[in-house]
Amino acid sequence: MTSPDSTAADLLDATNPAVHAPAAITTPWLDAVCTGGLSIVVIAGLLIYDLAMPESVPVTGVIQISIGGLVLMQTLINSPHFIASYRLLYRKRQNLKQHQFVSIYLPIIMLTVIVACIWQSVQWPNSIPIMLPLEQLLAPLLLAWHYTGQAWGMTSCFAFLGGLKMTLSERTVIRCGLRALIAYHVLLWWNLANSALYLGLSPESAGDLMAALLTIARVVVFATFAVGLTGLRRLSQREQKPIPLRCWMPWLATFVWYVFVDLHRGPYAFVLLQIFHALQYLIFPLRVELNQHHVQRRRTRTHVLLYYLVLVGVGFLAFNVPGIIESALVSPLNIAVYISIAINVHHYFIDSVIWKIRNPEVREALFAHLEPSNQQS
């Protein structure tokens, strides 16, 4: 749910629904659990495990050992969140015309890159894949912008549902920490991937440079986090009401994720971050699906279950089947990796167009259940 335009001010200026039932995407408590509460509890448990059993297998090792659990969570949570975005983009023909680059041209470009990578692997097996710069340099920036943009969009959405209207200064102050996390994410990933070596530095110099940059980034993130807290406090005082839990939960959870990734550096920590992000996202396309089909209350559970199972099935085909085929062929082509990178990059651009809350159709799709007529049906 990435939209820099998703601010409480935009929402309040554009629509003023008369809400008779609790204003929520699902329910207030489930909104808070999915958009950050559960992930904070899981991370707290993992960190407590580290403190309580310092001489046992470290938590990163536990995660790595539980690779089967990660694969299961990828199948049940992460893959469906990608497919849900494709559903939102391609469900209407007008989206193909309105967003031609994202819906048509970008997939063609990514498919061409995948074919080129496969051809390169066949012709020059020992060469550096042409997708490697995309994976190590561009993808971290897009993912960081995506994660933090989604967190801000949800914070703004729940502020609106809670009847809070942020001023421009409050939005700037609260959001500055999320901006700082973008640079923090990129540096963490570059450090993990030894990307500084591409600058032509020696391994020692590259390590010293990344260590210095990460130290500066940590200080900036800590400072902007504190500034964000003052912004939330100012908003609460001005509105003379407490900030709803689900409003600041996505904001807080994003910082907690990166603390965990920094403490337990490695690809598995980033995988958990992606899963938390996916869980945070899923309730929003689910709400759009229910609103679009005007599902009656007694049929909601059945429709939700069928919708989710379809997302899981299609996601399994997209992410798992290429790897299974590749393993059966004993192929070193990394087709599954190329497809995964392409989908991740495409997903960023998809969410940047389908979740612009300034668009009346997007507002209608997401908040239709808040209208009095829908509340009574």
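Quick one: of Lys97/Lys356; Lys92/Lys356; Lys241/Lys356, which pairs are farther than 24 Å apart, Cα to Cα? With Cα atoms farther than 24 Å apart: Lys241/Lys356.
What translational D, rounded to a whole number of µm²/s, comes out for the range 85-204 from Stokes-Einstein when the hydrodynamic radius is the Kirkwood one over Cα pairs, at 25 °C and 0.890 mPa s? Value of D from the Cα-based Kirkwood radius: 136 µm²/s.
Which order do Arg358, Arg175, Arg233 fall in if you start with the one that has the fewest other Cβ atoms within 10 Å? Could the numbers behind the result be given before it?
Working: Arg358 14, Arg175 23, Arg233 11.
Ordered by Cβ neighbours within 10 Å, fewest first: Arg233, Arg358, Arg175.
Here the 3J(HN,Hα) profile of the range 160-173, calculated from phi with Karplus coefficients 6.51, -1.76 and 1.60 at θ = phi - 60°, is 4, 5, x, x, 9, 10, 6, 7, 4, 5, 5, 4, 5, 5 Hz, Gly and Pro shown as x. Residues Trp251, Trp152, arranged from fewest to most other Cβ atoms within 10 angstrom of their Cβ, appear as Trp152, Trp251. Each part gets one Cα centre, and for the range 92-136 versus the range 240-264 those centres are 34 Å apart. Each of Lys241, Lys356 was scored by other Cβ atoms within 10 Å of its Cβ. Arranged with the fewest first, they read Lys241, Lys356.
Taken along the Cα-to-beta-carbon direction at a fixed 7 Å, the label points for Glu364 and Leu51 span 5.2 nm.
Throughout, read-outs are computed from the coordinates displayed, never taken from laboratory work. Model, not experiment: these values are computed from the prediction. Neighbour counts run over all protein chains shown; Cβ positions are idealised from the backbone, glycine included.
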